[in-house]
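All remarks here apply to the structure that follows.
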Amino acid sequence: MTKDKSKQTSNKSRRVATSDDIEVSTYLEIAEVGGEQPIATKEAMPEAEREAIIVIDFGSQYSMLIARRVRECQVYCELLPPDTPREKIASLNPKGFILSGGPASTYEPDAPLAPAYIYESHLPILGICYGMQSLAKQLGGQVTPGIKREYGHAILHLDEVDSPLFTDLPSSTPVWMSHADKIEKMPPGFTTLAHTENSPIAVMGSDESIFGLQFHPEVVHTPEGKTILKNFIYRICGCQGNWTIGNFINESVATIKKQVGKGKVISALSGGVDSSVVATLIHQAIGDQLTCIFVNHGLLRREEVERTFNTFRLNLGMNIIFVDASERFLKRLKRVTDPEVKRKIIGEEFIKVFEEEAKKIGKVDFLAQGTLYPDVIESASAGSKASAKIKTHHNVGGLPAKMRLNLLEPLRNLFKDEVRQVGTALGLPEEMVWRQPFPGPGLAIRIIGEVTKEKLEILRGADWVVMNEIKKAKLYRQLWQSFAVLTDVKSVGVMGDYRTYGYLVAIRAVTSEDAMTADWARLPYDVLARISSRIVNEVPGVNRVVYDITSKPPSTIEWE
Ligand code: XMP
């Protein structure tokens with residue numbers, strides 16, 4: 001960016017329009033918009049150890065990805081809606097803002113806009129796609145519908161190679177576009193920093209450290225996207241990079257100690273990565289004040305209970321109550337075939353068992369839960385998203401509000417990959433940290449029809465072979481999930497000279513980022529052949545194996 005351009009807006013009089021006044025606006029001077037104190041001018045920055053970049057979320061499918069990319073740069077990042085109160089943002093010690101993309105058009109009547117206090121703060125701002133268009137509109141530029149929708153790859157050509165946003169970038173680089181609107185006229189004080197064939201203003205910037213990108217730097221299809229974000233975070237916002245897993249653990253341990261004091265904490269342990277990391281972190285902070293309850297509902301994979309016992313009780317020396325409630329669950333699942341009824345029964349029974357065991361401990365003050373950041377974001381935006389209920393997704397860790405315990409949720413600001421890093425840093429075994437997700441209702445929703453002891457044994461045998469072969473082929477971590485399903489179909493086969501009439505087992509293996517969508521995994525034929533051959537040879541009662549080659553949508557990952 002050319003530094004000596006005469007500024008058409010000064011720091012004191014950044015021109016901005018907000019969603020409230022946009023209808024009537026001639027672009028008002030900031031002072032006229034609110035006249036309140038700025039949230040965090042560089043001089044008035046609250047003293048806090050952790051610096052943050054705030055993403056104002058306009059509803060893009062990539063918003064969460066922006067936050068992940070920023071955190072990958074070792075800077076803490078939160079995703080917040082445009083109507084977040086300024087006090088909330090100020091408390092996070094922001095060093096800069098990113099305005100996300102979104103489905104709206106800035107010229108629609110209710111198009112969301114960034115709150116005025118963001119501009120008042122004089123902290124750096126980076127608008128991405130819709131975020132760029134919205135800041136252009138708020139600061140006095142003009143956005144119009146493009147003649148052609150631009151979607152997919154484009155080549156970005158830098159016009160101002162010296163811009164700090166472009167440090168370490170080649171003069172031309174591929175980027176990922178997904179937009180229909182375009183900037184017709186830049187706001188006063190802005191210049192074009194880069195263009196593509198279809199977007200003459202693909203990157204714009206002002207001397208006030210406000211930038212706009214028409215493309216998406218957060219997606220993998222923009223190979224230099226992370227460099228651009230890093231430049232923004234470090235060179236423009238001046239972040240130090242203090243968001244590390246080591247710091248997170250130290251901070252969390254200190255916070256948990258302070259919060260719990262001499263109180264008692266209980267936690268449900270399932271052997272999954274989230275509950276395991278929660279338990280280990282809290283145990284590190286308060287030791288024996290934590291009691292974990294492991295409810296074996298009899299619907300777990302082979303050796304799961306033993307493995308959890310060895311890790312937590314024997315190796316980590318934790319206080320754990322192991323309850324074998326398998327008979328109880330089986331009894332209640334007798335003759336039940338409807339998947340939703342199965343889920344409901346398992347959820348209810350789990351809560352009952354957990355409560356009974358918790359009562360035996362005596363007075364308890366806190367309930368620990370493995371809530372993660374995507375859950376927090378999802379529940380914050382649940383009101384605005386009308387989505388059809390496909391499955392109830394009973395998570396057996398979801399414990400009842402009526403227990404009236406204070407919640408301890410030390411992972412509520414973390415993404416799954418960060419939880420795994422915490423688990424590794426705390427010394428949890430690799431196989432636990434990298435465990436594929438396993439549904440709360442367990443094998444019950446992988447047995448089509450009634451769940452019986454006999455069927456559970458068959459499914460455990462088949463599932464064991466799948467897991468074994470997938471791990472041997474070093475595919476386990478690349479797959480989101482891989483497992484066997486016991487169908488209620490029986491078919492004719494021949495073994496030796498005998499006719500057989502046995503179960504049909506289906507193999508499911510998918511790749512996915514977040515389980516919202518999934519693709520069936522192209523497993524090598526020889527891996528499939530070994531799985532099939534071993535299952536029919538090693539698992540009595542099964543004489544046929546098929547591979548599920550449907551993606552989600554239209555299928556779901558689980559069969560029930
Ligand atoms: P679907 O089958 O809906 O699954 O594509 C998406 C992800 O959710 C898991 N899943 C569940 N997890 N309780 C859970 O805790 C449930 O009832 C449940 N149903 C599905 C599934 O394993 C996949 O990871």
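The values are calculated or read from the model by the stated rules, or taken from the named source; none is laboratory data. Predicted model, so just to flag it, every value in this text is computed and none were measured. Positions of Cβ are generated from backbone atoms using ideal geometry, with glycine treated the same way; all protein chains shown enter the neighbour counts.
Points worth noting:
- Whenever a residue of segment 146-162 is outside the structural domain of Gly205 (by TED's automatic domain parsing), it has no partner that is surrounded by 12 or more Cβ atoms within 10 Å (Cβ to Cβ) and assigned to a loop (DSSP other than H, G, I, E, B) lying with C-beta atoms less than 7 angstrom away and at least six residues away or across chains.
- Cβ-Cβ distances below 8 Å connect the following pairs, each with a first residue in segment 474-489 that is β-branched (Val, Ile, Thr), a second residue that is surrounded by fewer than 17 Cβ atoms within 10 Å (Cβ to Cβ), and a separation of six or more residues or different chains: Val485/Asp548.
- Residues satisfying the stated conditions in segment 473-492, i.e. within 28 Å of Arg335 (Cβ to Cβ) and surrounded by 12 or more Cβ atoms within 10 Å (Cβ to Cβ): Phe483, Ala484, Val485, Leu486, Thr487, Asp488, Val489, Lys490, Ser491
- Candidate set from segment 290-327 (those that are among the aromatic types (Phe, Trp, Tyr) and in contact with a strand residue (DSSP E or B) (Cβ under 6 Å, 6 or more places away or on another chain)); member that is surrounded by the most Cβ atoms within 10 Å (Cβ to Cβ): Phe312
- Options Val143, Val175; residue that is touching a helix residue (DSSP H, G or I) at 6+ places or on another chain (Cβ under 8 Å), β-branched (Val, Ile, Thr) and closer than 20 Å to Cys73 by Cβ: Val175
- Exclusive hit being modelled with pLDDT of 95 or more, over 30 Å from Pro82 (Cα atoms), more than 16 Å from the ligand (Cβ to nearest atom) and not hydrophobic (A, V, I, L, M, F, W, C), set Arg307, Arg302: Arg302
- Residue in segment 122-143 that is surrounded by the fewest Cβ atoms within 10 Å (Cβ to Cβ), counting only those that are under 29 Å from the mean Cα position of the chain (by Cα) and not aliphatic (A, V, I, L, M): Pro124
- Leading residue by the ranking (farthest from the chain's Cα centre (by Cα)) among those in segment 529-552 that are charged (D, E, K, R) and within 16 Å of the ligand (Cβ to nearest atom): Asp548
- The selection criterion, being touching a Phe, Trp or Tyr at 6+ places or on another chain (Cβ under 7 Å) and in the same structural domain as Gly140 (by TED's automatic domain parsing), holds for Glu218.
- Look at segment 405-420: where a residue is over 15 Å from Trp243 (Cα atoms) and outside the structural domain of His283 (by TED's automatic domain parsing), no partner that is among the small types (Gly, Ala, Ser) and at pLDDT 95 or above sits 6+ places away or on another chain with Cβ atoms under 8 Å.
- Only one of the numbered conditions (1) surrounded by fewer than 22 Cβ atoms within 10 Å (Cβ to Cβ); (2) modelled with pLDDT of 95 or more is violated by Pro217, and that is (1).
- Arg313 touching a residue at least 40 places away in the same chain (Cβ under 8 Å) and out of contact with any Phe, Trp or Tyr (no Cβ under 7 Å at 6 or more places or on another chain): no
- Those helices (runs of 4 or more DSSP H) lying entirely in segment 355-461 with at least 3 residues more than 13 Å from the ligand (Cβ to nearest atom) and at pLDDT 90 or above: 416-425, 430-433
- Checking Gly102, Gly96 one by one, the residue that is buried (at least 19 other Cβ atoms within 10 Å of the Cβ) and out of contact with any strand residue (DSSP E or B) (no Cβ under 8 Å at 6 or more places or on another chain) is Gly102 and no other.
- Of all residues making up segment 506-526, the number that are more than 12 Å from Lys552 (Cα to Cα), surrounded by fewer than 22 Cβ atoms within 10 Å (Cβ to Cβ) and of a type in the set (A, V, I, L, M): 2
- Cβ-Cβ contacts under 9 Å between residues 6 or more apart (or on different chains), taken from a first residue in segment 495-506 that is closer than 21 Å to Asp463 by Cα to a second residue that is part of a strand (DSSP E or B) and small (Gly, Ala, Ser), are listed as Tyr501/Ser491; Tyr501/Gly493; Gly502/Ser491; Gly502/Gly493; Tyr503/Ser491; Leu504/Ser491; Val505/Ala484; Ala506/Ala484.
One line per residue, one yes/no per condition, for (1) under 29 Å from Leu459 (Cα atoms); (2) not hydroxyl-bearing (Ser, Thr, Tyr):
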site	(1), (2)
Val265	no, yes
Val277	yes, yes
Thr280	no, no
Gln284	no, yes
Asp288	no, yes
Val295	yes, yes
Glu303	yes, yes
Asn315	no, yes
Arg332	yes, yes
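- Residue pairs meeting the criteria (Cβ under 6 Å; at least 6 apart or on separate chains; first surrounded by fewer than 17 Cβ atoms within 10 Å (Cβ to Cβ), in segment 246-269; second outside any helix (DSSP H, G or I) and acidic (Asp, Glu)): Gly263/Asp365
- Test: residue in segment 310-321 that is away from the ligand (no atom under 16 Å from the Cβ), more than 17 Å from Ser267 (Cβ to Cβ), at pLDDT 95 or above and assigned by TED's automatic domain parsing to the domain that holds Val273: no
- Residue check for Leu213: out of contact with any Gly (no Cβ under 9 Å at 6 or more places or on another chain), closer than 21 Å to His157 by Cβ and among the hydrophobic types (A, V, I, L, M, F, W, C): no
- Residue match in segment 185-195 (condition: under 30 Å from Ala425 (Cα atoms) and surrounded by 14 or more Cβ atoms within 10 Å (Cβ to Cβ)): no
- Any hit, segment 144-151, residues being closer than 22 Å to Ser100 by Cβ, surrounded by 14 or more Cβ atoms within 10 Å (Cβ to Cβ) and either basic (Lys, Arg) or more than 28 Å from the chain's Cα centre (by Cα) (or both): yes
- Only one entry in Ser555, Ser512 is within 16 Å of the ligand (Cβ to nearest atom), of a type in the set (S, T, N, Q) and in contact (Cβ under 8 Å) with a residue 40 or more places away in the chain, namely Ser512.
- Residue count, segment 163-190 (criterion: in contact (Cβ under 8 Å) with a residue 60 or more places away in the chain and of a type in the set (Val, Ile, Thr)): 1
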